[in-house]
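Here is the structure we will look at, set down as structure tokens.
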Amino acid sequence: MSAVAMADISITGDAKFEYDNTDISGSGTAAKNTTTNSTATEYHLNFAGKQGDTEVVMKFELDTDGAGAMDLEDNYIKTNVGGVNVTAGNIAGSTGGLLGEIDEGGRERKVTLDYTVSGIKGYFGSTTGTTSNGDGDAKINNNGYAGVVFDVAGNTVELKKNSNTKDSYGVKGSLAGVNYRYEAVDVDGTSGGDADYLAVDTTVNGITLGYAVLDADRASLLTESDSGEFAQSVAAKQTSTTHYMNGTTAQTATGQKQFRIGTTIDGTSVTVKSGSIEKGLSVTKDLDYMQVQAKRALASGATLVVTYNERDYYADGTTTKGSLDNLEVELNVAF
């Protein structure tokens with residue numbers, strides 16, 4: 001008890017219960033007219049312990065979608081060696097961070113070093129591959145990544161060398177009351193190309209207006225499946241009946257455009273998003289969608305979120321066009 005009382009340990013977490021109703025409608029002999037109802041629960045427990053400048057973080061997840069199994073998510077050590085920050089372990093990237101909207105920010109075992117001088121942060125790191133070194137530990141990849149982050153007149157700029165064939169660039173900030181974020185990637189080789197992301201928004205008389213666009217030379221360049229901006233992610237399980245297609249059509253989407261409007265009404269945050277995914281249904285057909293979301297903090301400390309999605313759908317994956325409607329009611333709490 002004495003050791004626990006003196007240690008710098010924190011425990012945080014969150015939990016949510018979710019009800020989901022999905023209705024698929026179509027026409028023709030191959031149409032799939034179905035309605036499904038389901039519920040899910042998801043819990044997170046985050047443990048952080050500090051000793052001086054060293055911090056250990058462990059994040060656990062219990063999700064009914066994963067057969068109720070406990071999953072160890074982020075787990076890493078952060079420390080400082082001679083002014084150099086060192087982060088080592090299993091870490092997920094964030095779509096909210098610069099350069100996070102195009103590339104998948106999945107969890108990887110990483111070792112990252114960063115150092116800041118005169119307001120410029122430089123970083124270098126490497127991830128581990130799937131090949132074992134013989135005793136169960138994964139080998140470190142030969143290709144590391146490196147980058148710099150700095151401010152220019154209040155705007156954040158990031159330049160990153162992802163690998164020997166890929167470069168990323170990004171800038172975000174605010175200009176005359178308009179918030180903006182721009183990202184770009186350039187990949188060499190026969191399967192490479194360019195991809196760009198731009199999002200702008202501004203608030204006038206309590207109403208937020210936003211526009212976002214994502215464009216790529218080829219579908220393989222857009223790998224982020226959990227977008228922080230778009231109502232529908234281009235790469236989000238496009239071969240699943242719960243998303244766009246029924247499993248017979250491969251990913252072809254090369255971009256999308258979305259308009260967003262949001263405001264607060266009597267303490268309830270309301271956001272409407274409407275957009276179109278280029279080649280989202282096939283190489284010749286786009287996918288149109290709309291999302292309406294209402295979020296309200298309850299007096300009990302929980303938050304109620306109601307989300308309605310409507311999007312185009314191919315009932316047979318090739319020719320029969322229909323629609324997929326989804327209603328999601330979520331009750332969540334953070335502690």
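The values are calculated or read from the model by the stated rules, or taken from the named source; none is laboratory data. Keep in mind the model is a prediction, meaning the values are calculated, not measured. Cβ placement follows ideal geometry from the backbone for every residue including glycine, while neighbour counts extend to all protein chains displayed.
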Test THR284 against the stated conditions and say whether it is at pLDDT below 90 and either part of a strand (DSSP E or B) or surrounded by fewer than 15 Cβ atoms within 10 Å (Cβ to Cβ) (or both). yes
For the stretch 165-188, the count of residues that are within 16 Å of ASP103 (Cβ to Cβ) and not charged (D, E, K, R) equals 8
Members of the stretch 209-235 that are touching a residue at least 24 places away in the same chain (Cβ under 8 Å), surrounded by 16 or more Cβ atoms within 10 Å (Cβ to Cβ) and farther than 18 Å from TYR182 by Cβ: ALA219, THR223, SER225, ALA231, GLN232, ALA235
If I ask for residues that are at positive phi and aliphatic (A, V, I, L, M), which ones from the stretch 95-126 would you list? LEU99
Would you point out which residue out of ALA299, ALA235, ALA231, ALA253 is hydrophobic (A, V, I, L, M, F, W, C), part of a loop (DSSP other than H, G, I, E, B), modelled with pLDDT of 75 or more and out of contact with any strand residue (DSSP E or B) (no Cβ under 7 Å at 6 or more places or on another chain)? ALA299
Going through the stretch 145-170 in order, the residues found to be crowded, with 17+ Cβ neighbours inside 10 Å and of a type in the set (D, E, K, R) are GLU158, LYS160, LYS166
Residue check: is GLY173 in contact with a strand residue (DSSP E or B) (Cβ under 6 Å, 6 or more places away or on another chain) and buried (at least 16 other Cβ atoms within 10 Å of the Cβ)? yes
